[in-house]
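These notes are about the structure you will find just below.
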Amino acid sequence: MQIHKTLRSRAAQAGLAAALLAGAATFLIGQGAGPASAAPSNACAGPSVPPPPPTTTTTTTAPTTTTSTTEPPTTTTTEVEAEAVFNSQDVVAQEETTTTVEPTTTTTLPPPAHIPVLVTGALAGGGPHVKVIGAADGSLVRSFFAYDPNFHGGVNVALGDVDNDGYQDIITAPGAGGGPHVRVFSGKTGVVIKELMAYDPTFTGGVSVAACDVDDDGNADIITGAGAGGGPHVKVFDGGATNNATLASFFAYDPNFHGGVRVGSADINGDGMADVVTGPGAGGGPHVRVFKIASGASSELYGFMAYASNFTGGVFVGANVGADQVARIITGAGPGGGQHVRVFGAFGGFAPELAGIIPAGSGAQGGTVAIGQLDGDGADEYAIGNASGSSTVRTFNLPTTQIAASEAYPGFGGGVSVAVGVI
């Protein structure tokens, strides 16, 4: 692997006992300990807030007093939402009426008490179906279609506290065939709190998405990368601005490269402001780059080859700063590279590899990746989703200890995007 600029690393220790719970999209971490109460990571979220009090009420009726605890009900909820229909010509608003029956529903549950979660998005062929899964017990916290269910280009997902309320929000962007319509769903309530067109509305190559606080104002900013056909165009939108102001717009690679670009974000150089991490789409070499954003301009901090320089399947990227203050970049090989995942430590000027993993099921055509805290212990864990072939998601402790594996969308073979964090 060619390393252009080097970073210095301090090793992080991670320990976690977990088991796999059978059933749709269940990922267990710390089984038996119950949901971990943890504030959002300082890598990309706003200031932490105390967890809300338990949903316990006391009712007194003389002469007896009874205490009852609210349990997550099983309800039938009708959701009516204006969805966007995406095609190569325009974006048309229409209303979709969906009846959802879930073990728990977002419309009746209290706000989550800062629980670690795994967020998944079905990729091409599966519709824009997003799931939010409690990492501790595999509970389904939310399940919704980010766009018109009839759109089958899939959906990419990210997490970040865009509105600075202490809950990481769910950021979505459509896959190929959809317009560049980015939406932000409140981590606290599940409602749409922001949306924007990242590129020209006629662009239908899909959009990669990440979120982190680039300008140090407490709000996670929205980072987008144009998909295939759009060139390696990266944009950063101000999460705290009502007008979706652009903080930066640049090409991460040669503008003549039309394979697109994948994005991630974390404070890689330790200056208190998030940097942008990029990997090229299919057709490009495995050149990972890190950019500093300041005063509307981008400047490269670091760059390295994540895989052999002749590999051209593209690279999925993710990044996080752990409680040990070590920044880590995770990469997943694109089509043709199996599910080869690598984790690099970043601190002080070089990029040593902390872990190199080829998980079971490596025959999948590529691996989507995310890194963050899944059990509240302060140490980073990471998630790997099959980019195609199945919707299998695996979670790991550093360096290579598998925690759990399951199908996010049983029977679906189109792949899955992943994000990890705390809501």
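Could the peptides 213-221, 311-319 be put in order, highest first, of the mean number of other beta-carbon atoms found within 10 Å of their residues?
In descending order of packing, they fall as 311-319, 213-221.
Which of rounded, prolate or oblate describes region 283-344 when judged by the alpha-carbon gyration tensor and an a/c cut-off of 1.5?
oblate
With charges only on Cβ, +1 for K and R and -1 for D and E, what is the dipole size of region 182-312 about its Cα centre, in debye, rounded to 20?
440 debye
Under the rule of at least 5 residues apart or a separate chain, name every residue whose amide H is placed under 5 Å from the amide H of Tyr253.
Answer set, sorted by chain and number: none.
All of the numbers you see were taken from the coordinates with simple rules; none came from a lab. None of the values given here were measured: they were computed from a predicted structure. No Cβ is skipped: glycine too gets one built from the backbone with ideal geometry, and neighbour counts run over all protein chains shown.
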